[in-house]
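What follows draws every value from the coordinates through simple rules; no lab data is involved. Worth saying up front: this structure is predicted, and the values here are computed from it rather than measured. All Cβ positions, glycine included, derive from the backbone under ideal geometry; neighbour counts span all protein chains shown.
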Amino acid sequence: MEVAWLLAAPLYPPSRLGERARRQHSGRKRHRESSVAGRIVSIGECMVEMSGGEDRTYRLGYAGDTLNTAWYLRALLGADWSVDYATALGEDRYSGDIRTFLAQHQIGTGHIQTIPNRRPGLYLIHQEHGDRHFTYWRDTSAAKLLADDKAALATAVEGAELVYFSGITLAILAPRARGRLLGAIVKARDNGARIAFDTNLRPALWSSPRVMAGVLTAAASLCDIVLPTHTDEAPLFGDTSIDDTADRYLELGVEEVVVKDGSKEALAATASERIRMAPPPGAKVVDATGAGDSFNGAYLAARLQGKSLREALEAAHRTAGIVIGHKGALVDPQLVQG
């Protein structure tokens with residue numbers, strides 16, 4: 001399906017985006033019942049992570065928002081579900097190590113493209129006076145080219161029960177590559193997949209706030225489930241409450257909106273139901289890295305297993321509470337399976 005109109009998304013007001021998305025998807029095939037096991041594909045960038053304390057000793061790992069969510073989907077779903085990660089890596093040692101790492105943890109690597117003369121992105125976390133600071137090197141990241149091969153994208157999402165991506169996935173791509181990715185998303189949805197999207201705003205990755213707002217709004221209008229963070233969205237869109245954030249996406253035609261708000265209550269909203277839930281009190285925060293991603297993974301896993309909005313929020317808060325009590329975005333799967 002042609003999605004060139006998305007490249008000019010900032011010119012479209014939200015009401016028109018919602019109407020257009022509804023028209024384009026009115027004939028989509030019915031997806032399978034959510035309690036039936038199937039295949040999940042998460043699309044985005046996996047980076048090399050160097051995480052250190054104030055002693056300047058660093059630990060090497062791998063992470064990325066969509067990978068983190070895939071990790072918790074894999075941890076919380078049974079073996080009758082498959083979880084694949086679609087990205088692009090290079091031919092270097094660290095690209096090979098990432099593939100091995102994912103395969104060792106039962107995350108499918110069959111849709112990882114190989115881009116010659118490219119490498120994974122790198123980010124460094126360092127502690128100073130108790131605060132965490134991030135520095136990124138991703139100019140030559142292979143993942144920036146993950147949507148250059150239209151056929152590879154189509155193959156990656158073919159037959160998926162759920163396709164997951166994020167605002168960072170879109171932000172690292174060139175404008176025309178964004179169109180190719182969203183075209184694959186549209187086709188997957190028309191073929192019965194549910195589409196989940198965390199807007200995950202990162203202004204530094206976009207050419208302007210206007211472009212960021214327009215592309216993310218257009219992308220969200222193609223999705224079934226959107227999982228924004230209120231504190232990130234409020235300055236850009238003028239939302240004054242979590243309900244404002246939810247309403248804005250529901251008006252686009254999104255079926256289900258899950259608004260995160262840090263340590264405050266989260267909101268799961270559909271056209272007919274709203275459930276609010278605060279995280280359990282007393283959680284000890286060791287490292288908040290990946291908290292929102294783990295929340296998303298647990299929420300989606302619960303919904304895929306036929307759980308209610310309330311049950312899914314409970315699972316999401318419980319998982320995020322465990323993750324923030326440990327160092328790193330990816331905790332031992334056994335810790336969240338109990």
Please report the relative contact order for the chain, taking Cα pairs under 8 Å with a sequence separation of at least 6, and give it as a percent rounded to a whole number. 19 percent
Counting Lys and Arg as +1 and Asp and Glu as -1 over every other residue whose Cβ sits under 14 Å from the Cβ of Tyr164, the net charge comes to -3
If the elastic network links every pair of Cα atoms under 10 Å, which of Leu236, Leu201, Leu89 fluctuates the most in the Gaussian network model of the chain? Leu236
Starting from 0.36 nm per residue, how many nanometres of slack lie between Arg93 and Ser263 once their C-alpha separation is accounted for? 57.3 nm
Convex hull of Cα atoms in segment 133-182, direction-averaged projection (nm²): 4.3 nm²
Once you place label points 7 Å from the Cα toward the Cβ at Asp148 and Met277, how far apart are they in nm? 4.3 nm
Theoretical ellipticity at 222 nm over the chain - DSSP helices of four or more residues, -39500 (n - 2.57) apiece, nearest 500: -11500 deg cm²/dmol
Given 211-221, 92-102, the highest-first ranking by average Cβ count within 10 Å works out to 211-221, 92-102
Too long at a 30 Å Cα-Cα cut-off: which of Lys150/Lys307; Lys144/Lys284; Lys187/Lys264; Lys264/Lys327; Lys260/Lys327; Lys187/Lys260? Lys150/Lys307; Lys144/Lys284; Lys187/Lys264
Within segment 169-198, what residues put their amide N at less than 18 Å from the label point 7 Å along the Cα-to-Cβ vector of Thr155? 181, 184-185, 188
If you take the square roots of the eigenvalues of the alpha-carbon gyration tensor of the chain and sort them as a ≥ b ≥ c, do you get rounded (a/c under 1.5), prolate (a/b over b/c) or oblate? rounded
Ellipsoid semi-axes in whole angstrom, largest first, where each is sqrt(5λ) of the Cα gyration tensor of segment 124-270: 25, 22, 14
Residues with amide H under 5 Å from that of Gln113, placed H, sequence gap 5 or more: Thr87, Ala88, Leu89
For Asp80 and Arg310, what is the calculated FRET efficiency with R₀ set at 35 Å and r taken between the beta-carbons, to the nearest 0.05? 0.90
